[in-house]
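Peer 1: Can you keep this structure in mind? I'll have questions shortly.
The values are calculated or read from the model by the stated rules, or taken from the named source; none is laboratory data. What you are looking at is a predicted structure, and each value in this text was computed from that prediction instead of being measured. Cβ atoms come from the backbone with ideal geometry, glycine included; neighbour counts cover every protein chain shown.
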Amino acid sequence: MSGFETLIYEKKDSIAYVTLNRPQALNAYNIQMRNDLHEVLGAIRDDIEVRVAIFKGAGGKAFCAGADLSEFLTAPSPIVARQVRWKRDVWGLFLSIPQPLIAAVHGYVLGSGIEIALCCDIRIASEDAQFGLPEIGLGIIPAAGATQTLPRTIGRARALEMLLTNRWIDAEEACRIGLVNKVVQREKLLETAEEMAKKIASYNPVAVRNAKQAVMRGLELPLAEGLDLEKRLALEVQLMANQTK
Ligand code: COA
């Protein structure tokens, strides 16, 4: 698959690579990127050859500097601009992808940039990464999941501080509070993400998908129901393994 205006989509063996590719605008998320991501995410979800996907940003300065402000300011109104974005539910699609997603982030990781990273399952940052939610300063609130995904990841108080004060945090702090799994040197970023992706891709894909599903769906359930879900998913893995014997 090729020919995207704002993304590069590649597949190597069983790993998919999605590169946000508007480096001249620090990979800001615009309507075209929304459309392109929607298409790519659908392709990843439906491609059984893809066992893991890595999300990264083009250029030296940013993973993604948030929503495209030029578009935001020229749209008839922020409300209309948002309605356009919501028409295609990229964020719901993101969270429904059965394969593990790894975000490899560097430089500015702002607004939608954090939100894309939070839709991924594992986040690896380079030492130069900076994380922030500038929306409140623009008189809006995040609408691509951050008010929900951030507190579930770093806790309510820390999430509210980032959301309400627009304090940006560096990679070291992001790692300390659990926003990212790991911090590595810039030149090791892709290599580290790839090592992790290859390891995941080497395991039984049904076990991998079911483990992700058990965690993702289970987090929304009371413990007893979560344990039932785990039992069902574990059984499914076992049955599939028996069938292939
Ligand atoms: N939307 C559209 N264009 C953006 C952008 C965004 N969110 N963020 C950066 N750009 C563009 C700049 O306009 C600039 O374009 P130009 O070279 O044509 O002038 C280019 O990317 C480089 O950005 P610049 O501001 O020159 O880089 P910097 O290193 O001085 O500053 C930031 C980097 C991230 C601090 C600054 O670009 C910024 O504050 N961006 C907006 C962040 C934001 O509020 N995002 C919205 C969240 S909802």
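Peer 1: Which condition number does residue 63 fail, the rest of (1) within 16 Å of the ligand (Cβ to nearest atom); (2) out of contact with any strand residue (DSSP E or B) (no Cβ under 9 Å at 6 or more places or on another chain); (3) modelled with pLDDT of 95 or more being met?
Peer 2: Every condition holds for residue 63 apart from (2).
Peer 1: Say whether the condition of being β-branched (Val, Ile, Thr) and within 16 Å of the chain's Cα centre (by Cα) is met by at least one residue in segment 171-180.
Peer 2: Among the residues of segment 171-180, at least one is β-branched (Val, Ile, Thr) and within 16 Å of the chain's Cα centre (by Cα), which makes the answer yes.
Peer 1: Of all residues in segment 1-31, which are at pLDDT 95 or above and either assigned to a helix (DSSP H, G or I) or among the β-branched types (Val, Ile, Thr) (or both)?
Peer 2: 6, 8, 15, 18, 19, 23, 24, 25, listed by residue number.
Peer 1: Also, I was wondering about something else. If you take the residues of segment 51-71 that are in contact with a Pro (Cβ under 7 Å, 6 or more places away or on another chain) and surrounded by fewer than 24 Cβ atoms within 10 Å (Cβ to Cβ), which of them is nearest to residue 116 (Cα to Cα)?
Peer 2: The qualifying residue nearest to residue 116 (Cα to Cα) is 58.
Peer 1: Check whether at least one residue in segment 38-54 is within 16 Å of the ligand (Cβ to nearest atom), under 15 Å from the mean Cα position of the chain (by Cα) and at pLDDT 95 or above, and report yes or no.
Peer 2: no
Peer 1: Just to be sure, is residue 149 modelled with pLDDT of 95 or more, among the hydroxyl-bearing types (Ser, Thr, Tyr), farther than 17 Å from residue 181 by Cβ and out of contact with any strand residue (DSSP E or B) (no Cβ under 9 Å at 6 or more places or on another chain)?
Peer 2: no
Peer 1: Something else: What are the residues in segment 98-108 that are in contact with a Leu (Cβ under 9 Å, 6 or more places away or on another chain) and either more than 16 Å from the ligand (Cβ to nearest atom) or part of a strand (DSSP E or B) (or both), if any?
Peer 2: 103, 104, 105, 107, 108
Peer 1: Among 125, 117, which is the only one that is assigned to a helix (DSSP H, G or I), surrounded by 24 or more Cβ atoms within 10 Å (Cβ to Cβ) and either modelled with pLDDT of 95 or more or not aliphatic (A, V, I, L, M) (or both)?
Peer 2: Selected residue: 117, the only one of 125, 117 that is assigned to a helix (DSSP H, G or I), surrounded by 24 or more Cβ atoms within 10 Å (Cβ to Cβ) and either modelled with pLDDT of 95 or more or not aliphatic (A, V, I, L, M) (or both).
Peer 1: Across segment 143-161, which residue is surrounded by the fewest Cβ atoms within 10 Å (Cβ to Cβ) among those that are among the hydrophobic types (A, V, I, L, M, F, W, C) and within 18 Å of the chain's Cα centre (by Cα)?
Peer 2: 143
Peer 1: Given the criteria within 11 Å of the ligand (Cβ to nearest atom) and at pLDDT below 95, does residue 69 qualify?
Peer 2: Yes; evaluated as a whole, the condition is true for this residue.
Peer 1: Now, a different point. Under the condition of being of a type in the set (Ser, Thr, Tyr) and surrounded by fewer than 22 Cβ atoms within 10 Å (Cβ to Cβ), which residue from segment 1-50 is farthest from residue 70 (Cα to Cα)?
Peer 2: My answer is 14.
Peer 1: So which residues in segment 118-159 are without any contact (Cβ under 8 Å) to a residue 40 or more places away in the chain, within 28 Å of residue 188 (Cβ to Cβ) and among the hydrophobic types (A, V, I, L, M, F, W, C), if there are any at all?
Peer 2: Within segment 118-159, 118, 119, 133, 146, 150, 154 qualify.
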